[in-house]
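The values are calculated or read from the model by the stated rules, or taken from the named source; none is laboratory data. Values in this document were obtained by computation on a predicted structure and should not be read as measured data. With ideal geometry, Cβ positions are generated from the backbone for all residues, glycine too; neighbour counts draw on all protein chains shown. Quick note on the areas: whole protein, heavy atoms, side chains included, nothing else; ligands and nucleic acids left out. Shrake-Rupley method; radii C 1.70, N 1.55, O 1.52, S 1.80 Å.
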Amino acid sequence: MASIKDVAAEAGVSVATVSRVLNDHPSVSADARTRVLAAVETLGYRPNAVARSLRTDQTRTLGLVISDVLNPYFTELARSVEEEARALGYSVIIGNADERPDLQDHHVRTLLDRRIDGLLVSPTDGGSPLMLDAARAGTPMVFVDRWIPGVDVPVVRAEGRAAVRDLVAHLHRLGHRRLAIIAGPAATTTGQERVEAFREALGAHGLELPDAYIGQGDFQAESGRRVTEGFLDLAEPPEVVFAADNLMALGALDAVRARGLRIPGDLALAAFDDIRWFVHTDPPITAIAQPTGELGRAAVRALVDRIEGRPGESVTLPARLVVRRSCGEHPTPVQRSTT
């Protein structure tokens, strides 16, 4: 691997001149700059990123702490973050919190120790003093999907209330009146918001959400299975279960099938967070889709704005209802050719 001394020898200049060219210093002549850049290209020289960061106080690295890497929503989010960061000249280090606040703070602390330029976080709960301290210390930070109330940083998220209203109206038109929800953790903003939106949407149709129809989950499949089993054991089970994320919906699906029941004949199922798998289940699952790729890209742009001294703005994008066949919808007739 070529060194900076090799580049200097190839270009016929000093090591100091090569360093000034690589750091875009204005004192270098056009001729010397041309020769150095040609030598860099010829030798395939790559500057040492660590050494450069010590000089510039930048690492061109972003940290991303996501709530659960096994959740397809966060996997897609991480992919879009990495792609947008790469396009803007940044690398990304990812930490998986596994829905654990202690693990989240471990990753945040480790990333800050590694001198990342900025931090993207989808918080596992709303009570992390470490995040508040980092924001107050001036660390460029953006919350994505979830947020911590009282921490003054941009938030990039989807607005799901309108889509939840659309879902409940859709279920009401299909004749469903007993609707239950598998809620996410109450310590998360998304967990709270989705229950509130569901309750409000039911109220608009004169329906109530009794305590027995609210099951506490944790955004993971096993909790969806457990809560659904509880719903099925009720003297008057719900007609519809709305899972507040995709993994809990898959757990609910497992619980129904384990009892030899069918969706939607015995129990209708809908989910927040559409994933590609849902079109392949039997039946395909009606779900609320978030613009995941757009959220990831917008979060990176907001963070880079803050890193580079521009005001990073919060971004809210609309979620939308995707109607399939898990709630008793009639299949779309196949159009046959008349020729």
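What the table below lists for this structure:
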| read-out | value |
| --- | --- |
| Single unsatisfied condition, residue 76 versus (1) in a strand (DSSP E or B); (2) within 23 Å of residue 291 (Cβ to Cβ) | (1) |
| Cross-chain or 6+ apart pairs with Cβ under 8 Å, the range 206-220 first and under 16 Å from residue 188 (Cβ atoms), then open to solvent by 60 Å² or more (accessible area, probe 1.4 Å) and in a loop (DSSP other than H, G, I, E, B) | 216/186 |
| The one condition in (1) open to solvent by 10 Å² or more (accessible area, probe 1.4 Å); (2) in contact (Cβ under 8 Å) with a residue 24 or more places away in the chain that residue 150 fails to fulfil | (2) |
| Flag for residue 45 being open to solvent by less than 40 Å² (accessible area, probe 1.4 Å), at pLDDT below 90 and aromatic (Phe, Trp, Tyr) | yes |
| Counted residues, the range 71-92 - those being open to solvent by less than 60 Å² (accessible area, probe 1.4 Å) and of a type outside the set (Ser, Thr, Tyr) | 10 |
| Residue within the range 183-196 that is farther than 22 Å from residue 299 by Cβ and basic (Lys, Arg) present | no |
| Residue identified as over 29 Å from residue 330 (Cβ atoms), out of contact with any Pro (no Cβ under 8 Å at 6 or more places or on another chain) and modelled with pLDDT under 95 among 235, 186 | 186 |
| Qualifying positions in the range 240-298 - under 17 Å from residue 327 (Cβ atoms), of a type in the set (Asp, Glu) and buried (at least 21 other Cβ atoms within 10 Å of the Cβ) | 273, 274 |
| Selection within the range 308-321 - in a loop (DSSP other than H, G, I, E, B) and either among the basic types (Lys, Arg) or open to solvent by less than 80 Å² (accessible area, probe 1.4 Å) (or both) | 309, 310, 312, 314, 319 |
| Condition met for residue 112 (under 20 Å from the mean Cα position of the chain (by Cα) and under 24 Å from residue 88 (Cβ atoms)) | no |
| Residues being under 15 Å from residue 63 (Cβ atoms) and either open to solvent by less than 40 Å² (accessible area, probe 1.4 Å) or assigned to a helix (DSSP H, G or I) (or both) - total across the range 93-105 | 5 |
| Residue list for the range 2-35, filter: open to solvent by 40 Å² or more (accessible area, probe 1.4 Å) and part of a loop (DSSP other than H, G, I, E, B) | 3, 12, 14, 23, 24, 25, 26, 27, 29 |
| Residue that is within 23 Å of residue 62 (Cα to Cα), crowded, with 18+ Cβ neighbours inside 10 Å and not aliphatic (A, V, I, L, M), where the choices are 133, 145, 113 | 145 |
| Breaking point among (1) touching a Leu at 6+ places or on another chain (Cβ under 8 Å); (2) under 23 Å from residue 67 (Cα atoms), for residue 256 | (2) |
| Meets criteria (modelled with pLDDT of 95 or more, among the basic types (Lys, Arg) and open to solvent by 30 Å² or more (accessible area, probe 1.4 Å)) for residue 324 | yes |
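Results for (1) farther than 20 Å from residue 194 by Cβ; (2) part of a loop (DSSP other than H, G, I, E, B), shown as yes or no for each residue.
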site: 248; (1), (2): no, no
site: 297; (1), (2): yes, no
site: 306; (1), (2): yes, no
site: 329; (1), (2): yes, yes
